[in-house]
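Trainee: Please see the structure below; I have some questions.
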Amino acid sequence: MREFKRILKISFIIFLLIIGLNTCREQEKESFVKLNTLEKVKKRGSLIAVMDFNSTNYFIYRGEPMGYQYELLKLLAEHLDVKLEVVPENDVDKNFEMLRTNKCDIIAINLAITKERSQIIDYTKPHSQTHQVLVQRKPENWKVLRKSELEAQLIRNQLELAKKVVYVQKGTSYAQRIKNLSDEIGDSIIIIEKADLEVEELIELVANGEIDYTITDENVALVNQIYYPNLDVKTAVSFPQNLAWGLRKGDDEFKTEVDKWLLEFKKTKKYSLIYNKYFKNRRSVKIIESDFYAQNSGKVSVYDDYIKKYSDEIDWDWRLLASLIYQESRFKPNVKSWAGAYGLMQLMPTTAKRFGVSKKSQPEKHIKAGVDFIKWLDDRFVNRGISDDEEKIKFILASYNVGLGHILDARRLAEKNGKDPDVWENNVDEYILKKSNPKYYKDPVVKYGYCRGSETYNYVYQILDRYEHYKNIIPET
């Protein structure tokens, strides 16, 4: 009976602890909800931005995330001292729904500032200006026509759009503008709104002769005219418009912070360089035509087939292995580091020899050797009780960069100082950073001495961050 009472008492105490823990979690959740967006971004440590993926705003090229909106938002996140988390979504209605339901902090697309939208969202200060134009196809013999003959076959007067069929992306300002234009010309324009096609997809349909007309911003139209010279984009259908980002209504502190940054940043040379890079650089056509423009090809590198083949051996998503290889060598097989590492996987000479490759070995062999090294690291952490796959990957990446010994040191330091040695973020990563401090690298539990841990810390973050971008845009198979 006494033993039963003791067990009952212990069970009751555990029950109370669970109730208390759940109560604390609920209170913490409630207090987070009450924070304004700027406070939430800071507390969360990340800025969640929804943006469309296309040839100007957000894409992957030669393994690296790029784009006008992406670069601006990356710099804004750096200003806020947080990470950027991108949610790709080309459906404008879904963008607004995500903002309304707190699934993102900012809509980072080319939103034309309109009175109608101002009723449901707040706009930031404009990040650029443009006007809307008609995208139409030149006649098949346009190259041999005189200018006057060409002009005669193109729509230059908006009145000529009467009874014409114009396709637009649903939910965009283009849809609203063409409806207004139909009223203004006093005749009907047949408007077909497409929810499943982004504006650049509609432009491609015009170029290919599948539809005759669409509407877009002039800066986007001019970029696409480089890819499709048979397009004409000279007919304006709107006055100049400001383009801005969208914020939740009443996010005054966040809006003030973003506006202040935008106004200052737009005065800088860096802003001009970014804008010109995506909207005025004629060489950008080479990106879209390249096999490594991921939206078209689904490729990251010429080695994708090997990466897919050998990633199966370690049960990794091939895009994660691709991100590691990009970090190591930028997919350049002949690169050599200052420390002597070489090849696609940047293996040190002793490690390369151990896994059967040399500088003269073919790229496939180097990928195989790197994967074998990853397997070896995986076994070491399994033997030390790390069973969670996501955590194990972080430890493997860190060890790949700096060596297993330093990571084992950081685990021992974490455990000694009350942290979880089996968890990377906010636990072991803190102690890999501290291994450049004599107080820690001279600790008796440390066997491998000094380590410049900031490089390893950033290495893990950068590979995983790039991997998220790959998942956003590149198919898994």
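The values are calculated or read from the model by the stated rules, or taken from the named source; none is laboratory data. These figures come from a predicted structure and were not determined experimentally. Note: ideal-geometry Cβ built from the backbone for every residue, glycine included; neighbour counts use all protein chains shown.
Trainee: Would a scan of the range 85-98 turn up a residue that is in contact with a Ser or Thr (Cβ under 6 Å, 6 or more places away or on another chain), within 26 Å of residue 307 (Cβ to Cβ) and modelled with pLDDT of 95 or more? Working first, answer last.
Mentor: Of the range 85-98, the ones in contact with a Ser or Thr (Cβ under 6 Å, 6 or more places away or on another chain) are 85, 92.
Remaining after also requiring within 26 Å of residue 307 (Cβ to Cβ): 85.
From what is left, the residues that are modelled with pLDDT of 95 or more are 85.
Yes, the range 85-98 contains a residue that is in contact with a Ser or Thr (Cβ under 6 Å, 6 or more places away or on another chain), within 26 Å of residue 307 (Cβ to Cβ) and modelled with pLDDT of 95 or more.
Trainee: Another question, then. Which of the residues that make up the range 288-311 are assigned to a helix (DSSP H, G or I) and either modelled with pLDDT under 85 or closer than 13 Å to residue 54 by Cα (or both)?
Mentor: Keep residues of the range 288-311 that are assigned to a helix (DSSP H, G or I), which gives 288-289, 294-297, 304-311.
Correct list: 288, 289, 294, 295, 296, 297.
Trainee: Exactly one condition in (1) touching a strand residue (DSSP E or B) at 6+ places or on another chain (Cβ under 9 Å); (2) buried (at least 17 other Cβ atoms within 10 Å of the Cβ); (3) of a type in the set (S, T, N, Q) is not met by residue 334; state its number.
Mentor: For residue 334, the failing item is (2).
Trainee: Could you list all residues from the range 357-367 that are touching a Lys or Arg at 6+ places or on another chain (Cβ under 9 Å) and either outside the structural domain of residue 335 (by TED's automatic domain parsing) or part of a helix (DSSP H, G or I) (or both)?
Mentor: Scanning the range 357-367 gives 364, 367.
Trainee: Let me ask another. Report every pair of residues separated by at least 6 positions or lying on different chains whose Cβ atoms are under 7 Å apart, first residue within the range 419-442 and assigned by TED's automatic domain parsing to the domain that holds residue 382 and without any contact (Cβ under 8 Å) to a residue 12 or more places away in the chain, second among the polar types (S, T, N, Q) and surrounded by 18 or more Cβ atoms within 10 Å (Cβ to Cβ).
Mentor: Close Cβ pairs (under 7 Å, with a partner that is among the polar types (S, T, N, Q) and surrounded by 18 or more Cβ atoms within 10 Å (Cβ to Cβ)) amount to 420/427.
Trainee: Working carefully through the options 237, 223, 285, find the one that is modelled with pLDDT under 90 and crowded, with 18+ Cβ neighbours inside 10 Å. Spell out the reasoning first.
Mentor: Working: 237 fails: modelled with pLDDT under 90; 285 fails: crowded, with 18+ Cβ neighbours inside 10 Å.
The unique qualifying residue is 223.
Trainee: When you go through 163, 147 one by one, which is the residue that is in contact with a strand residue (DSSP E or B) (Cβ under 8 Å, 6 or more places away or on another chain), outside the structural domain of residue 92 (by TED's automatic domain parsing) and not aliphatic (A, V, I, L, M)? It would help to see each step written out before you state the result.
Mentor: On the way: 147 fails: in contact with a strand residue (DSSP E or B) (Cβ under 8 Å, 6 or more places away or on another chain).
Of the residues listed, the single one that is in contact with a strand residue (DSSP E or B) (Cβ under 8 Å, 6 or more places away or on another chain), outside the structural domain of residue 92 (by TED's automatic domain parsing) and not aliphatic (A, V, I, L, M) is 163.
Trainee: Taking residue 341 and the conditions (1) over 25 Å from the mean Cα position of the chain (by Cα); (2) surrounded by 15 or more Cβ atoms within 10 Å (Cβ to Cβ); (3) in contact (Cβ under 8 Å) with a residue 24 or more places away in the chain, which numbered condition does it fall short on, given that it satisfies the others?
Mentor: With respect to (1) over 25 Å from the mean Cα position of the chain (by Cα); (2) surrounded by 15 or more Cβ atoms within 10 Å (Cβ to Cβ); (3) in contact (Cβ under 8 Å) with a residue 24 or more places away in the chain, residue 341 is out only on (3).
Trainee: Go through the range 182-203 and report how many residues are assigned to a helix (DSSP H, G or I) and surrounded by fewer than 20 Cβ atoms within 10 Å (Cβ to Cβ).
Mentor: Keep residues of the range 182-203 that are assigned to a helix (DSSP H, G or I), which gives 182-184, 199-203.
Next, from what is left, pick out any that are surrounded by fewer than 20 Cβ atoms within 10 Å (Cβ to Cβ): 182-184, 201.
Adding up the residues that qualify gives 4.
Trainee: Could you tell me which of the residues 121, 113 is touching a Gly at 6+ places or on another chain (Cβ under 7 Å) and in the same structural domain as residue 281 (by TED's automatic domain parsing)?
Mentor: Details: 113 fails: touching a Gly at 6+ places or on another chain (Cβ under 7 Å).
It is 121.
Trainee: Right, another one. Looking only at residues in the range 72-113 that are surrounded by fewer than 22 Cβ atoms within 10 Å (Cβ to Cβ) and acidic (Asp, Glu), which one is nearest to residue 268 (Cα to Cα)?
Mentor: This residue is 78.
Trainee: If you don't mind, there's one more thing I want to ask. Out of all the residues in the range 390-417, which are without any contact (Cβ under 8 Å) to a residue 12 or more places away in the chain and within 26 Å of the chain's Cα centre (by Cα)? Spell out the reasoning first.
Mentor: Going through the range 390-417, the residues without any contact (Cβ under 8 Å) to a residue 12 or more places away in the chain turn out to be 390, 415.
Once the filter is applied, which keeps residues that are without any contact (Cβ under 8 Å) to a residue 12 or more places away in the chain and within 26 Å of the chain's Cα centre (by Cα), the range 390-417 yields only 390.
Trainee: While we're on this one: Checking residue 35 against (1) at pLDDT 90 or above; (2) not in a helix (DSSP H, G or I); (3) not β-branched (Val, Ile, Thr), only one condition comes out false. Which one?
Mentor: In the conditions (1) at pLDDT 90 or above; (2) not in a helix (DSSP H, G or I); (3) not β-branched (Val, Ile, Thr), residue 35 misses (1) alone.
Trainee: Same structure again: Going by the conditions given, is residue 184 farther than 18 Å from residue 137 by Cα and modelled with pLDDT of 95 or more? Write out each step before concluding.
Mentor: On the way: farther than 18 Å from residue 137 by Cα: yes; modelled with pLDDT of 95 or more: no.
Considered against the rule, which asks whether it is farther than 18 Å from residue 137 by Cα and modelled with pLDDT of 95 or more, residue 184 comes out as no.
Trainee: Moving on to the next point. For the range 81-131, name all the residues that are of a type in the set (Lys, Arg) and under 17 Å from the mean Cα position of the chain (by Cα).
Mentor: In the first step, residues of the range 81-131 are kept if they are of a type in the set (Lys, Arg); the result is 83, 94, 100, 103, 115, 117, 125.
Within the range 81-131, 83, 103 meet the criteria.
Trainee: If you go through the range 312-329 one residue at a time, do you hit one that is surrounded by 13 or more Cβ atoms within 10 Å (Cβ to Cβ), assigned to a loop (DSSP other than H, G, I, E, B) and among the β-branched types (Val, Ile, Thr)?
Mentor: no
Trainee: Considering only residues that are among the hydroxyl-bearing types (Ser, Thr, Tyr), part of a helix (DSSP H, G or I) and touching a His at 6+ places or on another chain (Cβ under 9 Å), which ones fall in the range 393-448? Explain how you work it out, then say what you get.
Mentor: Of the range 393-448, the ones among the hydroxyl-bearing types (Ser, Thr, Tyr) are 399-400, 431, 436, 440-441, 448.
Imposing the further condition that a residue be part of a helix (DSSP H, G or I) reduces the set to 399-400, 431, 436, 440-441.
399 - this is the single residue of the range 393-448 that is among the hydroxyl-bearing types (Ser, Thr, Tyr), part of a helix (DSSP H, G or I) and touching a His at 6+ places or on another chain (Cβ under 9 Å).
Trainee: Suppose the filter is under 30 Å from residue 37 (Cβ atoms) and hydroxyl-bearing (Ser, Thr, Tyr); does residue 238 pass it? Give the steps one after another, and end with the answer.
Mentor: Values: under 30 Å from residue 37 (Cβ atoms): no; hydroxyl-bearing (Ser, Thr, Tyr): yes.
No; evaluated as a whole, the condition is false for this residue.
Trainee: Of all residues in the range 253-269, which are touching a residue at least 24 places away in the same chain (Cβ under 8 Å) and of a type outside the set (A, V, I, L, M)? Walk me through it before giving the result.
Mentor: The initial filter retains those residues of the range 253-269 that are touching a residue at least 24 places away in the same chain (Cβ under 8 Å), namely 253-255, 257-259, 261-263, 265-266.
Hits for the range 253-269 are 253, 254, 255, 257, 259, 261, 265, 266.
Trainee: For the range 114-167, which residues satisfy the criterion of being loosely packed, with under 15 Cβ neighbours inside 10 Å, in contact (Cβ under 8 Å) with a residue 12 or more places away in the chain, of a type in the set (A, V, I, L, M) and assigned to a helix (DSSP H, G or I)?
Mentor: Matches in the range 114-167: 159 only.
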